Amino acid sequence: MNRDASLKQNRLLISALFSILLVSLSFAQDSLTITRVFNHSYPGSITWDVSLLDNYLYVDSDPGSLQTWNITSPNSPVSINNPLPNGGGITQIDNNYAFMAARNHCSIVNISNPSHLTVTTSFTVPFADHVVVIDSLVYVADRYVGIHIYSVANPLSPQLIRDVTNSGISSIAVEGNRLYAGQTSGGLSVYDITNRTSPILIGSIAGTSTARRLVVRDGIVYVANFDAGVKVYNATNPSSIQLLNQWHGFSSGNTCDVLLADNRLYVANGTNGLWVFDVSNPAHFVQIGRYVNSTPIILRLVNNILYAAEYSTGFSIYRVDSINPPPPPPVGDTLV
């Protein structure tokens, strides 16, 4: 082989390798741009929660006031009612009712008319941190006691069905016939709820720092562990729960909520802002987005619009857009 032919062959090889590299880069995770499109503050108040139903956003601010916003246009939402007193942190909306955990009590609010909210009833508990509604049953996470189960077949008259004693529960998520309970002490408990009114403990693991919120998919549990960041557990075998991963967050922020959409994990890190990770591999987070100048504690997502309770700065609405890597050039003798 003469020198010119050898040189050309080497160039072709380099070109092919370079093209393969570009193709591999094109399959890297998307990066995101996060743009705040709206913010509304409640001076002197803390915003505890936001929740969504149809074209309405329900915002809970301290001390227990609930307000409705029309979000037909997320860039310019419109308040449509005076704040309803004696509300409390919204944790779930079911049909025409908002079920609210408000520390020493739970409230059920009729939201059938978004511009005129009414408290249907309230019932007392030691310390309600979170509620989940399933099949006309309300599961109340009690920071001090465990879990209270109420029937709300008649929302005007909730009936206590059972107390499930635990060291203290601060958050609940349900997948299929399993209930996942985030412990006040930071750990995770898993219950079989085949019988919805009689949970059976089938596994647990200890942890650190309050499990403020959690989300589960296919037995993989993502826990917002306040001072301890985000922990990921494999709970597919509840009798042997395994810690898969931990993102430690920052000492200046408190991890208050996690939201899973497709393969993206949105993390509300309090004073350290909003983070987004690709969790295609739950054991390995890849950061793909961040918004620093925010204080999110609760997140809700519809399509690419993110709604956040912002603690001391009211609530914000963000637009989340993907930035895909450019397509690779055609493979060939491009360097010759």
Would you call residue 312 among the small types (Gly, Ala, Ser) and surrounded by fewer than 16 Cβ atoms within 10 Å (Cβ to Cβ)?
yes
Do we find that residue 116 is out of contact with any Phe, Trp or Tyr (no Cβ under 9 Å at 6 or more places or on another chain), at pLDDT 90 or above, of a type outside the set (A, V, I, L, M, F, W, C) and farther than 30 Å from residue 168 by Cβ in this structure?
yes
Quick one: residue 122 ticks every box in (1) under 28 Å from residue 260 (Cβ atoms); (2) surrounded by fewer than 20 Cβ atoms within 10 Å (Cβ to Cβ); (3) out of contact with any Asp or Glu (no Cβ under 8 Å at 6 or more places or on another chain) except a single one, so which number is it?
(1)
Out of region 106-129, which residues are touching a Gly at 6+ places or on another chain (Cβ under 9 Å) and over 16 Å from residue 163 (Cβ atoms)?
107, 109, 117, 119, 122
If you go through 317, 305, the only one that is in contact with a strand residue (DSSP E or B) (Cβ under 9 Å, 6 or more places away or on another chain), under 27 Å from residue 69 (Cα atoms), surrounded by 22 or more Cβ atoms within 10 Å (Cβ to Cβ) and modelled with pLDDT of 95 or more is 317
Given the residues 186, 182, which is the only one that is assigned to a loop (DSSP other than H, G, I, E, B), in contact (Cβ under 8 Å) with a residue 40 or more places away in the chain, under 24 Å from residue 104 (Cβ atoms) and small (Gly, Ala, Ser)?
186
Residue 192 is checked against (1) out of contact with any strand residue (DSSP E or B) (no Cβ under 7 Å at 6 or more places or on another chain); (2) surrounded by 13 or more Cβ atoms within 10 Å (Cβ to Cβ); (3) of a type outside the set (Ser, Thr, Tyr) and fails just one. What number does that condition carry?
(1)
Consider only pairs whose beta carbons are under 7 Å apart and that are at least six residues apart or on different chains; among these, list those whose first residue lies in region 228-244 and is farther than 15 Å from residue 208 by Cα and whose second residue is of a type in the set (Gly, Ala, Ser) and surrounded by 17 or more Cβ atoms within 10 Å (Cβ to Cβ).
234/219; 235/203; 235/219; 236/219; 238/203; 239/203; 241/203; 241/235
Any residue in region 53-82 that is surrounded by 13 or more Cβ atoms within 10 Å (Cβ to Cβ) sitting within a Cβ distance under 7 Å of a residue that is of a type in the set (Ser, Thr, Tyr) and assigned to a loop (DSSP other than H, G, I, E, B)? List the pairs, counting only those 6 or more apart or interchain.
55/72; 61/42; 61/45; 62/45; 68/115; 80/115; 81/115
With the checklist (1) under 21 Å from residue 59 (Cα atoms); (2) without any contact (Cβ under 8 Å) to a residue 60 or more places away in the chain; (3) out of contact with any Gly (no Cβ under 8 Å at 6 or more places or on another chain) in hand, flag the one item residue 300 doesn't pass.
(2)
Could you check region 254-284 and list, in sequence order, the residues that are over 20 Å from residue 129 (Cβ atoms), part of a loop (DSSP other than H, G, I, E, B) and within 16 Å of the chain's Cα centre (by Cα)?
262, 263, 273, 279, 282
Residue match in region 285-296 (condition: free of Cβ contacts under 8 Å to residues at least 24 places away in the same chain and either in a strand (DSSP E or B) or over 22 Å from residue 33 (Cα atoms) (or both)):
yes
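The values are calculated or read from the model by the stated rules, or taken from the named source; none is laboratory data. Every value quoted in this text rests on a predicted model; they were computed, and no experiment measured them. Using ideal geometry, Cβ is built from the backbone for each residue, glycine included, and neighbour counts are taken over all protein chains shown.
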